[in-house]
Amino acid sequence: MNFIRVTALFCLAVTAQAAPGNGLFDQLKAQYLKDYGIELVADAEIYPVADSDGAIDARNSGARNVEMALYFLRKEFAKYPPALIRASGVKRIAFCRDLKSRGTRVAGVALEKNATIYMDSSTEIGDEAHRRRTLHHEFFHFLDYAMHPDQDLGNNPEWAAANAPDAAYGGTASAAPVANWASHPAPGFVSNYARQAVPEDRAELFAGLMTNNLTLRLLLQKDSFLAAKLGVLKNELKAFCPQVDEAFWAKTAKNF
Ligand SMILES: [Zn+2]
């Protein structure tokens, strides 16, 4: 009897102690550190980010306001083999609000210098599908850095060879909202943003695949340039992390 009483009191004390934080945040923070060596940050990041020379600005979310972003993160990152996450070089994910990159409001941004993905965790920027894609898009930038160290990511000969002969990057992307992200603005390009630059093109294709975009799936059946670029991407990823093989992609295609 006495023992039970003591146990009950102990449990109460633990609950009271954990109350000021956010249960899910604390749980994922511990798990990500242990499984991937990634630190989750929601407070105390200093903005504008010095490592970005001030290009990245935001405000801290606070651990209490990140629940939705955590659900997205937990679901989407669970699709990756842990070995791929560890090999990516990502060391931190910082949750924030009012996130801007060079003055433009964005849902996420990757900063190689401090190995951090910045994620806007408010409901103000983009719909759910956009936010889930953003996680994979920013994560892919780190994979690209890791797969091609000390290389100009804009200059990828295999990628260039897979592109349509008249494919051109830069300046043409429209900021106008489109009804469907996979707007296929030109042969070989899944989205408007993909035309910005080679690294963005690659990150967009990867993110569409990881989130099982159905329009993209249909496009891959009829656009041979897009299919060829996907082949290049899959080869690079498999060489980098053998677990990202056809079985992985088959599993991903069933994971909604
Ligand atoms: Zn990007």
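Just so you know, all these numbers are worked out from the coordinates, no wet-lab data involved. On a predicted model such as this, the values are computed, not experimentally measured, just so you know. Every residue, glycine among them, receives a Cβ derived from its backbone with ideal geometry; neighbour counts consider all protein chains shown.
Under 25 °C and 0.890 mPa s, how fast does the range 25-70 diffuse according to Stokes-Einstein, given a Kirkwood radius computed over C-alpha pairs? Answer in µm²/s, whole number. Working shown, then result.
Working: Rh = 11.7 Å.
This corresponds to a translational diffusion coefficient of 209 µm²/s.
Divide by every residue of the chain the summed helix terms, -39500 (n - 2.57) for each DSSP H run of at least 4, and state the resulting mean residue ellipticity at 222 nm, rounded to the nearest 500 deg cm²/dmol.
Values: 10 runs with 122 residues, N = 256.
Value at 222 nm, helices only: -15000 deg cm²/dmol.
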Notebook entry, point to check: Label-point separation (nm) for residue 179 and residue 212, each offset 7 Å from Cα along Cα-to-Cβ?
Noted result: 2.4
Next item on the list: Compute the Kirkwood hydrodynamic radius of the range 22-147, taking the inverse of the mean of 1/r over all pairs of distinct Cα atoms, and give it in Å to one decimal.
Entry: 14.3
Notebook entry, point to check: When 241, 96 are ordered from fewest to most other Cβ atoms inside 10 Å of their Cβ, what list results?
Noted result: 241, 96
Next item on the list: Mind giving me the FRET efficiency for residue 221 and residue 83? R0 is 30 Å, r the Cβ-Cβ distance, nearest 0.05 is fine.
Entry: 0.50
Next item on the list: Find me the longest stretch of the chain that has none of the exposed trypsin sites (Lys or Arg not before Pro), where exposed means in a DSSP loop (not H, G, I, E or B) with at most 13 other Cβ atoms within 10 Å.
Entry: 114-253
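If the chain between residue 197 and residue 64 were fully stretched, how many nm would it gain, using 0.36 nm times the residue separation less the Cα-Cα distance?
Numbers: separation 133, 0.36 × 133 = 47.88 nm, distance 3.61 nm.
The residue 197-residue 64 span can extend by a further 44.3 nm.
Calculate the dipole size of the chain relative to its Cα centre from +1 charges on Lys and Arg beta carbons and -1 charges on Asp and Glu beta carbons; express the result in debye to the nearest 20. Working shown, then result.
Details: 28 positive and 29 negative charges, 170 e Å.
About 820 debye.
Give me the compactness ratio for the chain, meaning the Cα radius of gyration over 2.2 N^0.38 Å.
Numbers: Rg = 20.2 Å, N = 256, 2.2 N^0.38 = 18.1 Å.
Here the answer is 1.12, to two decimals.
Taking the Cβ of residue 170 as the centre, find all other residues whose Cβ is under 12 Å away and add up their charges (Lys, Arg: +1; Asp, Glu: -1).
On the way: positive: 195; negative: 200, 201.
It works out to a net charge of -1.
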Next item on the list: Go through 160, 203, 178 and say which Cα lies farthest out towards the positive end of the charge dipole of the range 156-219; charges sit on Cβ, +1 for Lys and Arg, -1 for Asp and Glu.
Entry: 178
Margin query: What percentages make up the Cα-Cα pair-distance distribution of the range 151-256 when the bins are 10 Å wide from 0?
Written below: 14, 49, 31, 5
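Taking Cα pairs under 8 Å and at least six residues apart, what relative contact order does the chain come out at, in percent?
Values: 359 pairs, mean separation 37.5, N = 256.
Relative contact order, the chain: 15 percent.
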Item checked: Charge context of residue 208, other residues only, Cβ under 10 angstrom, K/R +1, D/E -1 -> +1
Margin query: If you take every DSSP beta bridge fully contained in the chain, what fraction is antiparallel? Give it as a percent rounded to 5.
Written below: 60
